[in-house]
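The values are calculated or read from the model by the stated rules, or taken from the named source; none is laboratory data. Just so it is clear, the model here is predicted, and its values are computed rather than measured. Reconstructed Cβ throughout: ideal geometry from the backbone, glycine too, with neighbour counts over all protein chains shown. Keep in mind that these areas ignore ligands, DNA and RNA; they rest on the heavy atoms of the full protein, side chains included. Shrake-Rupley method; radii C 1.70, N 1.55, O 1.52, S 1.80 Å.
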Amino acid sequence: MFNDIGALEIVTLVVLAVLIFGPDKLPKVIQDISRTIRKIREFSDSAKADIREELGPEFKDFEFEDLNPKKFIRKQLDNDELGLKEIRNGFDLKKEMNEVADAVHGRESTSSDDSGDSSEAPVALSKGARVDMLKKPAEPKKLEAGDRPPFDADAT
C-alpha cells in the first residue's frame with residue numbers, strides 16, 4: 001500500500017505526530033486509529049459476505065477483484081473453455097503473411113508445411129493460378145414472378 005514511502009518520510013511523520021499530539025496522547029490516538037481501521041475492515045468483509053449470499057450459488061466463485069477490467073479480461077482470455085489457447089497456438093502469423101504476400105504478387109506459395117490438412121488452409125492456389133484482388137459488385141439475383149425478395153433478419 002505504501003511502497004513508495006521511504007525511511008525519511010516515516011521518520012518525518014512520526015516526528016510530526018509527536019509534535020501535534022504530544023508523547024502522552026500519541027498511544028491513545030494510535031489505538032483509536034487502529035480500532036477505526038479494524039471496524040472499517042469488518043464492515044467491508046460483512047458487506048462482501050452479504051453480497052455473495054444474495055447473489056446465490058451461481059456466483060460462488062465470484063471475486064470482487066475480478067471487477068477490475070484488466071483482471072477480468074486476463075481471466076477471460078486465460079479461460080480454456082473458449083479454446084482460445086488452441087486458436088492462438090494454431091495460428092502462425094509469419095506463414096499467413098507469407099501466403100498473403102505470395103498470393104498478392106502471384107507467386108507460388110513457398111511454405112514447406114505439406115503435413116497439414118488441406119481443409120485447414122484458407123485458400124488453396126494451384127500452380128499458375130492468380131488471385132483477383134479487384135472488388136467486383138455482385139450481380140443481383142433476378143426474381144421470378146411471384147417470388148418474394150430476400151429477407152434480411154438483421155436489417156429489421
For residues in the range 31-80 being at pLDDT below 80 and of a type in the set (S, T, N, Q), which is nearest to Ala17 (Cα to Cα)? Gln76
Going residue by residue through the range 71-79, is there one that turns out to be of a type in the set (Phe, Trp, Tyr), open to solvent by 100 Å² or more (accessible area, probe 1.4 Å) and in a helix (DSSP H, G or I)? yes
Please specify each residue of the range 16-30 satisfying the condition of being modelled with pLDDT of 90 or more and open to solvent by 80 Å² or more (accessible area, probe 1.4 Å). Leu16, Leu19, Ile20, Asp24, Lys25, Lys28, Ile30
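Do we find a residue being surrounded by fewer than 10 Cβ atoms within 10 Å (Cβ to Cβ) and either of a type in the set (Asp, Glu) or modelled with pLDDT under 65 (or both) anywhere in the range 94-104? It would help to see each step written out before you state the result.
Of the range 94-104, the ones surrounded by fewer than 10 Cβ atoms within 10 Å (Cβ to Cβ) are 94.
When the remaining residues are screened for being either of a type in the set (Asp, Glu) or modelled with pLDDT under 65 (or both), the result is none.
Looking through the range 94-104, none of the residues is surrounded by fewer than 10 Cβ atoms within 10 Å (Cβ to Cβ) and either of a type in the set (Asp, Glu) or modelled with pLDDT under 65 (or both).
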Flagged in the range 33-62 as in a helix (DSSP H, G or I) and either among the small types (Gly, Ala, Ser) or open to solvent by less than 60 Å² (accessible area, probe 1.4 Å) (or both), in numbering order, are Ser34, Ser44, Ser46, Ala47, Ala49
